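Working notes, structure below.
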Amino acid sequence: MSTAEPITEIDDSCPALLRNAPGGVEFNKLRKRLIRQVRETLDTYGMVRPGARWLVALSGGKDSYGLLAVLMDLKWRGLLPVELLACNLDQGQPNFPKHILPDFLTRNGIAHRIEYQDTYSIVTDKLPQGSTYCSLCSRLRRGHLYRIAREEGCSALVLGHHREDILETFFMNLFHGGKLAAMPPKLLNDEGDVEVLRPLALCAEGDLARFAEALEFPIIPCDLCGSQDGLQRNAMKVMLDEFERKMPGRKDVMIRALGTINPSHMLDPKLFDFAALAARETQ
């Protein structure tokens, strides 16, 4: 998948969810940037196996809509030889508008599966009011998505985590977990039968927000995690935004740094054999 191949303009044969895209220069630049970044991630981390079937998790937020749109755009252009199945896991959140995603997916002719599992009640029952729900909610959701991937014959679960998600996770682990770890663009689940892919790893959250607004995706807010104040992740987001404001381009530098690691210049003896280092004896 060569990143040097030209990107053709949108026409009436493209996926339905892109047919009403703005035709201006700014949107075209944005679309091409997202396509270029996703293709780079797919290539760098060896994500694509022709003929594979991918389960694309769709939450109703800007990031997962953008992920689905870019993947469908690439598939339409013949640059992504895999089968896509969109999947929304309805977790039983109060006032969740159940009709929006099925209507959107059906209207745009997108193959999909809607699954209902009341994880909301489990999370709120097990954790005291005011607790951070994200970790437990994520584990429960991921378990169901792995199951659905197996049932649908999908080799990969594709998630909409972007550049900021990865950087925020890195700094949360650094400040609160005492370790250097982030969200890898590609990993295997514990059972070793489903790959987890994050094709948006290099994409900026702001670009995805502008993309979703331009395409008028029907955004569904998260009333579980998103309604809680004071989350550690929010503090990381504020810190990163301040870095970017004072030093534009820092986020891109940091995300590249996570892929350019020199083990001999870190402090982990499991990654580099410091004990074996010794100066040559001089005569």
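Return the total of residues in region 44-72 being of a type outside the set (A, V, I, L, M, F, W, C), assigned to a helix (DSSP H, G or I) and free of Cβ contacts under 8 Å to residues at least 60 places away in the same chain. Looking only at that region, the number is 0.
Cβ-Cβ contacts under 7 Å between residues 6 or more apart (or on different chains), taken from a first residue in region 94-113 that is within 13 Å of L58 (Cα to Cα) to a second residue that is in a loop (DSSP other than H, G, I, E, B), are listed as I100/G60; I100/P218; I100/I220; L101/L58; L101/G60; F104/P218; R113/E152. For R19, the criteria (1) open to solvent by 40 Å² or more (accessible area, probe 1.4 Å); (2) within 20 Å of the chain's Cα centre (by Cα); (3) at pLDDT below 95 hold in every case but one, which is (2). If you go through region 65-101 and keep only what is modelled with pLDDT of 95 or more, in contact with a strand residue (DSSP E or B) (Cβ under 8 Å, 6 or more places away or on another chain) and open to solvent by 20 Å² or more (accessible area, probe 1.4 Å), you end up with M72, K75, E83, L84. Taken over region 22-38, residues that are surrounded by 15 or more Cβ atoms within 10 Å (Cβ to Cβ) and among the basic types (K, R) amount to 2. Checking R256, R280, R245 one by one, the residue that is under 16 Å from H162 (Cα atoms), among the basic types (K, R) and either outside any helix (DSSP H, G or I) or open to solvent by 70 Å² or more (accessible area, probe 1.4 Å) (or both) is R256 and no other. For region 40-67, the set of residues classified as out of contact with any helix residue (DSSP H, G or I) (no Cβ under 8 Å at 6 or more places or on another chain) and within 21 Å of R210 (Cβ to Cβ) consists of E40, T41, S59, G61, S64, L67, listed by residue number.
Does D190 fit the bill of being modelled with pLDDT of 95 or more and open to solvent by 60 Å² or more (accessible area, probe 1.4 Å)?
Considered against the rule, which asks whether it is modelled with pLDDT of 95 or more and open to solvent by 60 Å² or more (accessible area, probe 1.4 Å), D190 comes out as no.
Scanning region 145-173 for residues that are crowded, with 17+ Cβ neighbours inside 10 Å and over 30 Å from G249 (Cβ atoms) yields L145, Y146, I148, A149, C154, S155, A156, L157.
Within region 91-113, the residues that satisfy the criterion of being over 22 Å from G153 (Cβ atoms) and not in a helix (DSSP H, G or I) are Q91, G92, Q93, P94, N95, F96, P97, K98, H99, N108. Set side by side, the residues P199, P221 differ, and just one is loosely packed, with under 14 Cβ neighbours inside 10 Å and in a loop (DSSP other than H, G, I, E, B), which is P221.
All but one of (1) open to solvent by less than 70 Å² (accessible area, probe 1.4 Å); (2) modelled with pLDDT of 95 or more hold for P50, so report the exception by its number. That leaves (1) as the condition not met.
The values are calculated or read from the model by the stated rules, or taken from the named source; none is laboratory data. Just so we're clear, the structure is a prediction, and the values are computed from it rather than from any experiment. In this analysis, Cβ positions are derived from the backbone assuming ideal geometry, glycine residues included, and neighbour counts consider all displayed protein chains. The protein model used for the area step is the full one, side chains on, heavy atoms only, and it has no ligands, DNA or RNA in it. Shrake-Rupley method; radii C 1.70, N 1.55, O 1.52, S 1.80 Å.
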